[in-house]
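Report on the following structure.
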Amino acid sequence: MSFSVPPALEAELVELATHYPQKRSASLMFLHALQEHFGFISREAVEWVAQRLGLQPINVYELVTFYPMFRQEPLGKTHIKVCRTLSCALAGSGELRDHFCKKLGLDPHHHTPQTTSDGKFTVEFVECLASCGTAPVVMVNEDLKEKVSATDADRILAEGGSR
Amino acid sequence: MPEQYKLILKHADSPGYTPDIECYQRHGGYESLKKALATSSRTLPDGKVQSSQEVVRDEVLKSGLRGRGGAGFSAGLKWSFVDRRSGKPIYLICNADESEPGTFKDRQILHKDPHQLVEGMIISCWANDVKLAYIYIRGEMPKGAKLLNQALKEARAKGFLGKNILGTGYDLEIHVHRGAGAYICGEETGLIESLEGKRAYPRIKPPYFPAVLGLYMSPTIVNNVETLCHVKHIVAMGSAEYAKLGTPNNTGTRIVSLSGDVMKPGYFEIEVGKVTLGQLIFEPNFGGGLRPGRSLKAIIPGGSSSKVLKAGEVFKLNRKGADGQMTKVDVPLLDLPYDFDSLQGAGTMSGSGAIIVLDDTRSMVDSLANLSAFYAHESCGQCTPCREGSLWLSKGLHRLEHGEGRKADADYLTHIAQNIQGRTICAFGEAASWPVLSFVKKFRDEFEARGAADEAARAKGSGSAKVPHS
Ligand SMILES: Cc1cc2nc3c(=O)[nH]c(=O)nc-3n(C[C@H](O)[C@H](O)[C@H](O)COP(=O)(O)O)c2cc1C
Ligand code: SF4
Ligand code: FES
């Protein structure tokens, strides 16, 4: 697969870099933009960011491995992040994640992100999403879903299935 | 019965209130900025002349405003530490990383009333000669980041931001910077490293106090979202009026995040110290009490990093009597006023203002295991005691949670936690240790009973085949 950044995105990134007195600061925002566009951060993306910001690839790669939101392989079209932390756990987020996993044929005992073989869904446990008052909460791609019941979970799966 | 006092959240939840600038201005938005910019300089009784910016900084100091991000440090004092003679630019960063488990108050402001934060920031920047500022928002709030960008764009279009703000000659730019899922970015020096495009490894203090050697090794102010919003209201009301809200040394209002085992979890804005922990949990206009048939077991009072409080505890607090003398009085847990000093007096902290309630159906072992897994996942890994210790704690608790514990685990966990706190670069070390130390100390019976039961089961051969080792 050849790696090419569309001109509109590139222009956006050039503008972004002007937000900082030192270009290196823009690396997180660059990675976000590239991940949004390509779905994950490839080796080429790392090299591209490094080259644009005057860095060594390792300076960028070490960000990809440090920050949990960056990923090095494509994930499912519907990315389900279930909050694992205390208030959500008290409200049943463990059972909720198991429910997602079972319905999708994934292993509930497996704790890192898991993607279905048809590439439609990824399920993962994440830490507190700052919405503990409406526990249990789940992020479905960019949307926060609050007080998620098993019925809500099935609806999320039905919507994702047709995506 | 105590009521909420809505200063910051006055409009956020009103029907029809939208996050755009027109709506904000219809509700008096940006009038405080105009007022701040029109402040005149003044001559103090000792003949010293204060510039208009110094007057506003002085107002913030006199208001008694304490940081709402966790440490409760005086905002005015923090601003006074800024090195103004270095010749380097001064930066301001709004900490919108909101990631302390239990906390969901900044989220409300960011998503429902972003202009309030922007106005508070512009005033704070102007008062501190800041020309470039950032909002560091956690990566998991993509909508919040979009709303903020839109708000900044609207503010620029109206001349509240950018070059020559409202014709005063003052220039300021504010940009949004997104984090990417690491809790340690909430720690201010980790945040600064992250904003510089690096791994969020906190810096050692001294020498790297942000006020002197912060962003790009320049003087930097880091304040929480809620703290910066209060600045707007201090300017609007005047410090004397503002300081009448709340209680002495604990002025103003604060948004409390309440979650866990209550009937009505949610966020409540209160005058600091005017409402007790018991009222927050049990009054119908706050948490509404516990589920039917349940009783209170424990309260985590200020975010997951604060030391847990046990139902029935009584604390000895300092109280100033009518004669001005300090005396010690007994205050039961539920009568603790929710403020910085009372919680500190009770051996814990109000931290980020997040209360997590545990009822009698909950296991303290399992709850602590959940929290320790969080800290094990989030340690940045720079300091050996924190990197290794947080993992050992989590593994030890995982064992205990899954039937492979030992009676001695209570001591084992305490020993590890004691060897983390005070031995690390940043306060994450304490954040990871305090829950363990307090849970085990206050609920030791439960930890030992669980371990002893596992040992007995193994002795009978009916337990797990795995022999735990440390
Ligand atoms: C591990 C750790 C995590 C923190 N997370 C946050 C956070 O998410 N938001 C925040 O405002 N402050 C957080 N803080 C506190 C900041 O370091 C800093 O004190 C605060 O942003 C200062 O703002 P304030 O004075 O207005 O409270 C954290 C501190 C530590 C040690
Ligand atoms: S205490 Fe922990 S989180 Fe803080 S710098 Fe050390 S390793 Fe990192
Ligand atoms: S614990 Fe799940 S959102 Fe905070």
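Taken together, the values in this text are just the output of simple stated rules run on the coordinates, not laboratory data. Remember, it's a predicted structure, so these values are computed and weren't measured experimentally. Quick reminder, even Gly has a Cβ in these numbers, built from the backbone with ideal geometry, and neighbours come from all protein chains shown.
Spatially, the stretch B:85-138 and the stretch A:149-163 are offset by 37 Å when compared through their Cα centroids.
Taking every alpha-carbon pair under 8 Å whose residues sit at least 6 apart, the stretch B:266-362 reaches a relative contact order of 35 percent. In chain B, the longest principal axis of the Cα atoms and the axis of helix B:225-237 are about 40 degrees apart. Enter the Cα centre distance for the pair the stretch B:384-441 and the stretch A:61-121, rounded to the nearest angstrom. Cα centres, the stretch B:384-441 to the stretch A:61-121: 26 Å.
All C-alpha pair distances within chain A, sorted into 10 Å bins from zero, spread as 10, 34, 29, 21, 7 percent across the bins. In summary, the stretch B:285-414 shows an alpha-carbon radius of gyration equal to 1.26 times the 2.2 N^0.38 Å reference for compact globular proteins.
If the Kirkwood radius is taken over C-alpha pairs of the stretch B:134-242, then at 37 °C and 0.692 mPa s the Stokes-Einstein diffusion coefficient equals 210 µm²/s. Counting only DSSP beta bridges whose two residues both lie in the protein assembly as shown, roughly 55 percent are antiparallel.
Ranked from largest, the principal axis spans of the Cα set of the stretch B:204-274 equal 47, 36, 19 Å. Between A:H109 and B:N318, what is the spin-label point distance in nm, taking each point 7 Å from the Cα along the Cα→C-beta axis? Between A:H109 and B:N318, the simple spin-label model gives 5.5 nm.
Stokes-Einstein diffusion for the protein assembly as shown, with the hydrodynamic radius set to the Kirkwood value over Cα pairs and evaluated at 20 °C in a medium of 1.002 mPa s, equals 83 µm²/s. Listed here are the pairs A:K81/B:K395; B:K131/B:K232; B:K146/B:K395; B:K62/B:K320; A:K147/B:K153; which of them are more than 29 Å apart at the Cα? With Cα atoms farther than 29 Å apart: B:K146/B:K395; A:K147/B:K153. Beta bridges assigned by DSSP with both partners in chain B are antiparallel in approximately 55 percent of cases. Relative to one another, the C-alpha centroids of the stretch B:218-288 and the stretch B:320-363 are positioned 15 Å apart. Using only Cα atoms and rounding to the nearest 10 degrees, what angle (0 to 90) does helix B:444-459 make with the longest principal axis of chain B? With rounding to tens, the tilt is 40 degrees. The three principal axes of the Cα atoms in chain B give end-to-end lengths of 83, 50, 48 Å, sorted in falling order.
B:R291 sits among other residues whose Cβ lies under 10 Å from its own Cβ, and their net charge, with Lys and Arg +1 and Asp and Glu -1, is -1. Here B:V235, A:V64 are placed in order of increasing Cβ neighbour count within 10 Å, fewest first, which gives A:V64, B:V235. Taking the longest Cα principal axis of chain B as reference, the axis of helix B:428-442 is set at about 40 degrees.
Hydrodynamic estimate: the Kirkwood radius of the stretch B:66-213 over Cα pairs, inserted into Stokes-Einstein at 25 °C and 0.890 mPa s, corresponds to D of 154 µm²/s. Here B:S350, B:S239, B:S372 are placed in order of increasing Cβ neighbour count within 10 Å, fewest first, which gives B:S239, B:S372, B:S350. Put simply, the amide H of B:T276, placed in the peptide plane, has neighbours under 5 Å in B:Y338, leaving out anything fewer than 5 places away on its chain. Apply the a/c threshold of 1.5 to the C-alpha gyration tensor of the stretch B:339-450 and tell me whether it is rounded, prolate or oblate. Note, shape of the stretch B:339-450 comes out oblate.
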